[in-house]
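A.B. asks: Provided herewith is a single structure, encoded as structure tokens, for subsequent inquiry.
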């Protein structure tokens, strides 16, 4: 993001599109595409697994517990046993 920003004169950008490419710039573009594929596309699984360990934080755990508790309350209104 930080490298793409100066290219389009903005602070940060995640995407941009080329509409026209000069013939003398095609080699540089091919190098750029190869570097992007090597650093991001080909390493997707490695990058994805690095952050976090699929363990929820205490706020998320509390929120999910509260949500489940509320769901149980609405599934069986007070006074009804849930058996028909």
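Since every read-out is calculated from the coordinates, none of them should be taken as a lab result. Please read all numbers here as calculations on a predicted model, not as lab measurements.
A.B. asks: Expected output is a single nm value to one decimal: the length gained when fully extending between residue 35 and residue 47, i.e. 0.36 nm times separation in residues minus the C-alpha distance. What is it?
C.D. replies: 2.8 nm is the gain from fully extending residue 35 to residue 47.
A.B. asks: Let me ask another. May I ask for the equivalent-ellipsoid semi-axes of region 4-75, computed as the square root of five times each C-alpha gyration tensor eigenvalue and listed largest first in whole Å?
C.D. replies: The equivalent ellipsoid of region 4-75 has semi-axes of 45, 17, 11 Å.
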